[in-house]
Each structure stands twice: as C-alpha cells, then as structure tokens.
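Since the structure comes first, as structure tokens, the remarks are kept for the end.
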Amino acid sequence: MQRPTAVSEVSRPRVVVIGAGMAGLTAAHLLTAVADVIVLDKGRGVGGRLATRRIGDATLDHGAQFITIHSAEFAATVGRWVTDGVVAPWFRGRIGPEGVLDPDGHTRFRGSVSMNAVAKNLAVGLDVRTASQVAALTHDAESWKVTLVDGSELVADVVLATAPVPQTIALLEKGDVVLTSSDAAALNTIAYDPCIALMAVLDGPSGLTEPGAVDPVEGPIDWMADNQLKGISSVPAVTIHATPEFSRAQWDESDEAITGALLAAARLDAAVVAGSVQIQRWLYARPSVEHPERFLRLSDMPLFVCAGDAFGGAKVEGAALSGAAAAAVIGSVLGLE
Ligand SMILES: Cc1cc2nc3c(=O)[nH]c(=O)nc-3n(C[C@H](O)[C@H](O)[C@H](O)COP(=O)(O)OP(=O)(O)OC[C@H]3O[C@@H](n4cnc5c(N)ncnc54)[C@H](O)[C@@H]3O)c2cc1C
C-alpha cells in the first residue's frame, strides 16, 4: 500500500518544534515519518517540567512527580514505557494529608531512574538542540523564520510551539506576527498557576512513611515527597511544592525566607544537610485555565500549531496527548495539501 503522503522523499518539509518537554518530544517522534524535525529547547537538557536535579548524592524530581493514565491512548504509551523499564509503578491511589493512601483506582507511575529520564528516553534518535532559546518568530507568505538568541536563524515550513503559552505569545509579538482576534483571545485566555519547589538533602530519614509522599489539606505545602522512599535517590532527600497561593505571595521573597517557611511547615524528622537546599520557581507550573481543544492552529499564516499541557488536559498525559494531536494535524496538512 502506498504511503498516504504527498511529501517527496527528496525535499521533506522542515518542522521546527519549540520545546523538548513531553508535548514537543511526543510530536517530534510522530512527525519524523513525514518531515525533517528539529526540536529546540532553551534548557541545558530536555524534559521541561519533567525535571530532576542532582544535589550531592541525592536525586530529586522537582517538577512533575508522577504520571497517571486516564485514556486508552496514553495507557498504550505508558504500557510500552513499563515494558522498556522507563517507568515503574510508584503507588496506587490518592495520597492523603498524612501520607495514607485513599484508593482511587489510579496507579501513579514514577520514572524508573527519574522523571527527567523519561524525557531523555523519548529524545533518543531525534534532532534535539538544547541551550537553543528562540528569541522571535517571523513569517512570509510560505514559511517561518525562527531566530535564536545567539542570532542564528532557521527557516521552517511549520512551527509547533509547545512552550507555555505566554512565552509563545511573546515570541510571536517579538516578530510582529499579527494574530486573528479569535486566536489572540483563545491564547490570552489560557492561564497557569505558579509553584515554588524546594529541594533539600537530609541527614537521616525524613519521617514520611511508604510510599513517601504527603498531600496536605492546607498550605503552604501542596505536596511533599521523599525521593529515597520513592526509589530514585540513594540518600534521603525531599521535594516540597508550595501551594499556588503561597507561591504567588512569596514569589519575590528571598530563597532563605521561603526555605524557612516551607521547612517549618514540613516538620521533618531529620535535619537538612548544610548548603543542600535549592529553590526552583516554576512560573508556569500547571494550567489553571485550559484551551478546550488539544491544539490550536493559528489562522492566516503558514502552518503554526500551539500545543502543550494547556491544550485539552493538564498533566504529563495531557501534554503527550496534545503533542500527538498536533503531530496528527501537521502530518495530515503536509500529506494532503
Ligand atoms: C511543580 C510541578 C508539579 C507537577 N506535578 C505533576 C504530576 O505529579 N503529574 C503530572 O502529570 N503532571 C505534573 N505537572 C505538570 C507536568 O509537568 C506538565 O503538564 C508537563 O510536563 C508539561 O509538558 P509540556 O511539554 O506541555 O511543557 P514543558 O515541559 O514546560 O515544555 C516546554 C519546553 O519549552 C521550552 N521553551 C520555552 N520557551 C522556549 C524558547 N523561547 N525557546 C526554546 N525553548 C523554549 C522550555 O524550556 C520547556 O522545556 C507538574 C508540574 C510542575 C511544575
């Protein structure tokens, strides 16, 4: 059977994907069948909010904590990751305020090595360029010019933008790209909650019980996990996520003040190893107002698709499904037009 594509083997279209998080990497995998795909990310490594840090001998996931499954499509993907040893079940059910499990039927999967390793695994075989921050996007009648902060430029037939939406809007504004009023309204409606994450290595067991997490009812802590009990750190080390309210209110406070407030609330059994605390401020941690569809194709310009976890479902699963849906629409436009 002939491949359902009008794309010539000699001159394949070029797709530039902005963002090597779950959405961008998922899309890039699917699009390599029909296009030359370049993934650009401003980070030193891949993963975006699938983020893990090493502090001394400790390994700490400080963005997404676990992966859940709510769709058959994503179940198949996670099933492959389990078979390949990329992810493993962490626990089943919902963690309560005291760390006790309240069964809700969903298994929480962790990266077998770390959450970031899930992204690294997805990036294998792709043309991913890290430390490559896009500065502006401009277009003519047929194609896009992607300008990086180092002044280099890439020409693309298609752009897939998976950065948090306010960052994508900024790139378009920088290039004086004119959005239709309905596209501008759709993008400007999307909003995110911030999250301040604290990472700390401990000089002994944290005091948390198996499986190593708590989900308090009240702030300032939204979530706390013991990365050793989780199975990814050889030494005791905790990740503390502040609530959106605390994160907003304390955003500009010093790391010391934030550390003091969060560690006091954590009431850990062990002391923090001197000099081991690190703070990460996630400005766009989780979408609070999402777009109702899994992607948005911008009108009146060469093919430009916005995707990511703000499109049709927050969380790692939503990002993966959005990336897949964006790849499908791009593949179909490239194959049929
Ligand atoms: C603290 C926290 C806890 C979370 N907990 C969970 C959880 O337990 N379970 C769950 O399912 N989800 C969780 N999430 C949400 C989950 O991490 C995200 O939904 C998902 O990882 C988003 O993937 P993405 O590809 O849409 O975006 P991202 O991972 O944000 O990827 C976007 C990428 O774009 C890049 N980028 C941005 N601007 C530019 C530019 N100008 N040039 C080049 N690159 C650029 C960024 O560097 C980034 O790598 C959590 C998130 C946070 C922050």
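Excluding residues on the same chain fewer than 8 positions from residue 230, give the lysines whose Cα lies under 22 Å from its Cα.
Correct list for residue 230: 120, 315.
At a 1.4 Å probe radius, which order do 332, 71 fall into by accessible area, largest first?
332, 71
Mean-square fluctuation check for the chain, GNM, Cα pairs under 10 Å: which of 309, 226, 269 is largest?
269
I'd like the accessible area for residue 69, computed on protein heavy atoms only with a 1.4 Å probe and all protein chains in place. Round to 10 Å², please.
Residue 69 has an accessible surface of roughly 40 Å² with all protein chains in place.
Leaving ligands, DNA and RNA out of it, report the carbon-plus-sulfur percent of the accessible area of the chain at a 1.4 Å probe.
Numbers: 7830 of 15050 Å².
Reported share for carbon and sulfur atoms: 52 percent.
Can you give the angle from 0 to 90° between the axis of helix 72-83 and the longest principal axis of the chain, with both taken from C-alpha atoms, to the nearest 10?
Helix 72-83 sits at roughly 60 degrees to that axis.
What lysines does residue 145 reach when the alpha-carbon gap must be under 19 Å and sequence neighbours fewer than 8 apart in one chain are set aside?
42, 174
For residue 127, enumerate residues with amide H under 5 Å from its amide H, sequence gap 5+ or separate chain, H modeled in the peptide plane.
For residue 127, the qualifying residues are 39.
Under 5 Å between amide H atoms, partner at least 5 residues away or on a different chain: which partners does residue 175 have, H built in plane at 1.01 Å?
137
For region 238-243, just list the computed ³J(HN,Hα) in residue order, Karplus coefficients 6.51, -1.76 and 1.60, θ = phi - 60°, integers in Hz, with x standing in for Gly and Pro.
Whole-Hz 3J(HN,Hα) from phi for region 238-243: 10, 10, 10, 9, 7, 5.
Given axes a ≥ b ≥ c from the Cα gyration tensor, I'd like to know whether region 25-77 is rounded (a/c under 1.5), prolate (a/b larger than b/c) or oblate.
oblate
Counting helices only, and only those DSSP H runs with n ≥ 4, report the 222 nm mean residue ellipticity of the chain as the sum of -39,500 (n - 2.57) divided by its residues, in deg cm²/dmol to the nearest 500.
-8500 deg cm²/dmol
Determine ³J(HN,Hα), in whole Hz, for all residues of region 267-278 in sequence, where each value follows from phi through the Karplus function 6.51 cos²θ - 1.76 cosθ + 1.60 and θ = phi - 60°; x replaces Gly and Pro.
Taking θ as phi minus 60°, the curve returns 6, 6, 6, 9, 7, 7, 5, 4, x, 9, 7, 10 Hz for region 267-278.
Go through region 52-58 residue by residue and turn each phi into a ³J(HN,Hα) via Karplus (6.51, -1.76, 1.60, θ = phi - 60°); whole Hz please, and just put x for glycine and proline.
Result, ordered by residue: 9, 10, 9, 10, x, 8, 8 Hz.
Tell me the GluC sites (Glu not before Pro) within region 83-169 that lie in a loop according to DSSP and have at most 16 other beta-carbon atoms within 10 Å.
98, 142
The values are calculated or read from the model by the stated rules, or taken from the named source; none is laboratory data. What you see is a predicted model; the values in this text were computed from it and never measured. We place every Cβ from the backbone using ideal geometry, glycine too, and count neighbours over all the protein chains shown. Just the protein is used for accessible areas: all its heavy atoms, side chains included, with ligands, DNA and RNA removed. Shrake-Rupley method; radii C 1.70, N 1.55, O 1.52, S 1.80 Å.
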